[in-house]
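Here's the structure, in structure tokens; my notes come after.
The values are calculated or read from the model by the stated rules, or taken from the named source; none is laboratory data. Here the structure is a predicted model, which means the values were calculated and not measured. FYI the Cβ positions are ideal-geometry reconstructions off the backbone, even for glycines, and counts take in every protein chain you see. Quick note on the areas: whole protein, heavy atoms, side chains included, nothing else; ligands and nucleic acids left out. Shrake-Rupley method; radii C 1.70, N 1.55, O 1.52, S 1.80 Å.
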Amino acid sequence: MQQTLQQALDRLKGLPLTKTTRNELVQYFHFGSTHYTTPQGLVLDIGELTLAVNCPWQLQQPEEAPIRHSEVFMRKREAGLPSLKFDWKIPGANLRDQRLMELIRAGKSLAVEHVEQLENFGLAIHFTAQATLTVSPNSEKPAEEYWQLFSNTGDGLKAGAGQDGIRV
């Protein structure tokens, strides 16, 4: 099972982090690029592979403060007085969204060098430019799904981990 999971994770090698999106607490990291056409004919630019993370994570870059999953509950930085209303659920309203957007816009070379499996179903994704995305499920807060890696190219790749173990 571990070897099969590692083969799935190895598909990330060489792919750049091209986009991040979020649905409430679940953070989506998109690697590579492909297109999806909705039934209405809208063409969406999405990642070839997507990692959906529903547990604690952090993205550490050299000489910078890490971007953490908990920053979703912090108001984004803005000039002047902050707005009176703050709703972390609104895309772009929180510090995590702001920092990830800035990272992607900066165009840093964040191609995956390798992925390692950690204890308690965790992952460490090592990028060029010495950045690391660490996914750290909390065993004291069991969840049906901690993380899932899936393909958007129709090849059926789907791997993940939750309280019941690894699924490939």
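In this Cβ point-charge picture (+1 for Lys and Arg, -1 for Asp and Glu), region 44-168 has a dipole of about 520 debye about its Cα centre.
When each of the peptides 29-36, 45-52 is scored by the mean number of other C-beta atoms lying within 10 Å of its residues, the order from highest to lowest reads 45-52, 29-36. Counted over region 106-149 with a bin width of 5 Å, the fraction of Cα pairs per bin, in whole percents, is 5, 21, 26, 18, 14, 9, 5, 1. Averaged over its residues, region 28-136 has an accessible area of 56 Å² per residue, based on protein heavy atoms and a 1.4 Å probe.
Compared with the direct C-alpha span, the chain from residue 111 to residue 132 gains 6.5 nm at full extension, assuming 0.36 nm per residue. For the chain, modelled as a GNM whose springs connect Cα atoms under 10 angstrom apart, the maximal fluctuation among 40, 60, 27 occurs at 40. Our summary gives the chain a relative contact order of 24 percent, counting only alpha carbon pairs under 8 angstrom and 6 or more residues apart. Result for the chain in a Gaussian network model with C-alpha springs under 10 Å: among 68, 77, 96, the largest mean-square fluctuation is at 77. For the chain, lysine pairs with C-alpha atoms less than 24 angstrom apart, excluding pairs fewer than eight positions apart on the same chain, total 11. Short-range pairs are left out: with C-alpha atoms under 8 Å and at least six residues apart, the relative contact order of region 83-164 is 16 percent. Between residue 38 and residue 86, the modelled label-to-label distance comes to 3.1 nm, taking each label 7 Å out from Cα in the direction of the beta carbon.
Note on the chain: GNM, Cα springs under 10 Å; of 24, 63, 78, the largest mean-square fluctuation is that of 63.
Altogether, the Stokes-Einstein calculation at 10 °C and 1.306 mPa s, with the Kirkwood radius of the chain over Cα pairs as Rh, returns a diffusion coefficient of 95 µm²/s.
Taking every alpha-carbon pair under 8 Å whose residues sit at least 6 apart, region 40-89 reaches a relative contact order of 22 percent. Global dimensions of region 1-98 from alpha-carbon coordinates: Rg and Dmax equal 16.3, 53 Å. Surface composition of region 32-100: carbon plus sulfur atoms contribute 57% of the solvent-accessible area (1.4 Å probe, protein chains only, all chains present).
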